[in-house]
Amino acid sequence: MDFESSSDSAQSTELDHLSLSLIAMLTSADPDVARIIADEAARQSQTLELIASENHVSAAVMHTMGSWLTNKYAEGYPGKRYYGGCQYHDQIENLAIDRAKKLFSCQFANVQPHCGANANIAAFMALMNPGDTVLSLPIKSGGHLSHGLKPNFSGTFYKVVDYGLDPVTERLDYDEIEKIAIASNPKVIICGYSAYSRAIDFARFRAIADKVGAYLMADIAHIAGLCATGVHSSPFPHAHVVTTTTHKTLRGPRGGMILCNDAEIAVKLDRKVFPGSQGGPLMHVIASKAVAFGEALEPSFALYCERVVRNARELAAQLTNRGYRLCTGGTDNHLMLVDLRPRDSELTGADAEKWLETAGIICNKNGIPNDPRPPMVTSGLRLGTPAITTRGLREVHMPQLAQWLDTVMGSKGDASVCRTVRGEIRTFCRQFPLPH
Ligand code: DSN
């Protein structure tokens with residue numbers, strides 16, 4: 001897909017003042033990188049982002065990552081560093097920790113994990129010994145690779161037992177999970193998913209964990225913003241440990257975080273992040289996390305999260321009206337898993353993803369429960385509303401969005417149809433600039 005290219009595209013993309021200055025500065029310092037960054041800004045500006053795990057950060061969150069804090073080593077924790085010159089790094093990390101605790105109403109936060117998978121590595125190391133059993137939803141049913149996929153650290157060093165979804169409702173079957181927990185005696189039970197569109201009953205999970213003497217670990221990476229604002233119920237006080245990314249519905253910089261309420265577990269978590277699994281923290285990213293948490297504490301962020309869910313519900317209804325089947329029948333959160341087969345039995349997720357990208361809609365193919373097709377093909381699409389809601393799309397825009405999706409998929413990616421839709425989306429996007 002071609003976009004208005006290089007510096008022209010940056011100028012026409014309504015970027016904030018600092019981004020334009022950055023591109024101007026880079027154009028003389030490193031024109032190759034400047035051109036690619038400007039093109040990516042144009043791509044984001046001229047397309048609609050429906051990848052459920054992505055978002056558009058504020059200019060404040062973005063530019064904090066480009067600050068002087070990137071120059072510093074700060075191994076250790078506030079007040080206990082292995083390097084001199086860390087006074088402001090202590091202040092910034094403490095600020096991020098305090099805001100995280102306030103946001104999630106918990107007592108301990110570690111803001112150093114570089115990503116969600118790193119947060120999960122540290123949590124596994126804190127709660128289990130290698131060879132212990134973890135009970136989780138496999139990736140093919142909507143779980144995450146760091147919850148036990150064989151080639152991942154989790155599947156390599158731990159014994160993984162799966163729970164599944166109810167084959168009819170495609171929802172979590174808590175009675176079945178309890179039976180599997182009793183039979184497998186896990187040390188850790190994981191809840192929290194990458195492609196599950198329904199609310200999670202954290203209290204029920206904790207009751208199961210208590211019954212078998214397991215720790216409950218909630219990976220709320222996808223729904224963190226919704227949990228922080230009460231749009232989804234909180235994992236606290238139920239989960240022993242909560243892991244998350246900071247860049248999905250929470251709308252912060254790319255990164256991870258671990259939360260808990262237990263002082264003994266918190267000490268172990270800190271040790272397993274550093275020195276257990278990471279070296280120097282990314283202090284420029286931690287500063288940006290602090291900015292994002294500050295934004296998330298504002299009342300406007302709760303309204304944003306409500307709108308994310310309202311948009312998802314309306315998009316799901318509009319797609320259902322057009323003959324698509326939504327796994328579980330719909331959504332309670334920011335995402336939906338669309339089974340393409342009832343609309344067209346030959347349509348694959350891979351083809352739909354490719355055609356939609358040509359037309360200016362970005363999303364990802366996704367296996368549906370018991371998908372007969374392989375993971376690189378799939379019978380489904382995962383669609384999410386966090387990024388388009390940030391840009392300002394509301395429920396009233398969902399019929400048009402569903403119509404574009406259906407027009408492109410219904411045409412089987414016809415080049416002329418994709419070109420027409422792409423032009424319409426490009427015009428439409430001008431009303432909804434990236435945050436600036
Ligand atoms: N890769 C992320 C997602 O898209 O859901 C999870 O880490």
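The values are calculated or read from the model by the stated rules, or taken from the named source; none is laboratory data. Every value quoted in this text rests on a predicted model; they were computed, and no experiment measured them. Backbone-built Cβ (ideal geometry, glycine too); neighbour counts: all protein chains shown. The protein model used for the area step is the full one, side chains on, heavy atoms only, and it has no ligands, DNA or RNA in it. Shrake-Rupley method; radii C 1.70, N 1.55, O 1.52, S 1.80 Å.
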Inset, instruction - Would you be able to say whether some residue in the range 300-319 is buried (at least 24 other Cβ atoms within 10 Å of the Cβ), among the aromatic types (F, W, Y) and touching a residue at least 60 places away in the same chain (Cβ under 8 Å)? - result: no
Legend entry - Selection count where residues are of a type in the set (A, V, I, L, M) and more than 18 Å from L401 (Cβ to Cβ), scope the range 364-389: 3
Inset, instruction - Output the residue which, of all residues in the range 132-162 that are assigned to a loop (DSSP other than H, G, I, E, B) and touching a strand residue (DSSP E or B) at 6+ places or on another chain (Cβ under 6 Å), is farthest from H222 (Cα to Cα). - result: Y158
Inset, instruction - Collect the residues in the range 404-429 that are without any contact (Cβ under 8 Å) to a residue 12 or more places away in the chain and within 30 Å of H17 (Cβ to Cβ), keeping them in residue-number order. - result: G423, T427
Legend entry - Considering residues of the range 123-144 that are within 16 Å of the ligand (Cβ to nearest atom) and in contact with a Pro (Cβ under 8 Å, 6 or more places away or on another chain) only, the residue least open to solvent (accessible area, probe 1.4 Å): G142
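Being without any contact (Cβ under 8 Å) to a residue 60 or more places away in the chain, on the phi < 0 side of the Ramachandran plot and open to solvent by 10 Å² or more (accessible area, probe 1.4 Å) narrows it down to one residue among A207, A181, A199; which is it?
None of the others qualify; the one that does is A207.
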Legend entry - From the options L401, L393, L381, residue that is open to solvent by less than 10 Å² (accessible area, probe 1.4 Å) and in a helix (DSSP H, G or I): L401
Inset, instruction - Report yes if some residue within the range 344-363 is within 16 Å of the ligand (Cβ to nearest atom), assigned to a loop (DSSP other than H, G, I, E, B), of a type in the set (S, T, N, Q) and touching a strand residue (DSSP E or B) at 6+ places or on another chain (Cβ under 8 Å); otherwise report no. - result: no
Inset, instruction - Confirm whether A117 is part of a loop (DSSP other than H, G, I, E, B) and within 16 Å of the ligand (Cβ to nearest atom). - result: no
Legend entry - Cβ-Cβ under 9 Å pairs, at least 6 apart or on other chains, the range 88-116 side β-branched (V, I, T), far side open to solvent by less than 40 Å² (accessible area, probe 1.4 Å) and within 16 Å of the ligand (Cβ to nearest atom): V111/T246; V111/G255; V111/G256; V111/M257; V111/I258
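Scan the range 98-113 and tell me whether some residue there is farther than 30 Å from R426 by Cα, within 16 Å of the ligand (Cβ to nearest atom) and not hydroxyl-bearing (S, T, Y). Give the derivation first.
So the first thing to find is which residues in the range 98-113 are farther than 30 Å from R426 by Cα, and the list is 98-113.
Now narrow it down to the ones that are within 16 Å of the ligand (Cβ to nearest atom): 113.
Subset that is not hydroxyl-bearing (S, T, Y): 113.
Looking for residues that are farther than 30 Å from R426 by Cα, within 16 Å of the ligand (Cβ to nearest atom) and not hydroxyl-bearing (S, T, Y), one finds at least one in the range 98-113, hence yes.
Residue check: is G255 within 16 Å of the ligand (Cβ to nearest atom) and over 13 Å from F104 (Cα atoms)?
On the way: within 16 Å of the ligand (Cβ to nearest atom): yes; over 13 Å from F104 (Cα atoms): yes.
Considered against the rule, which asks whether it is within 16 Å of the ligand (Cβ to nearest atom) and over 13 Å from F104 (Cα atoms), G255 comes out as yes.
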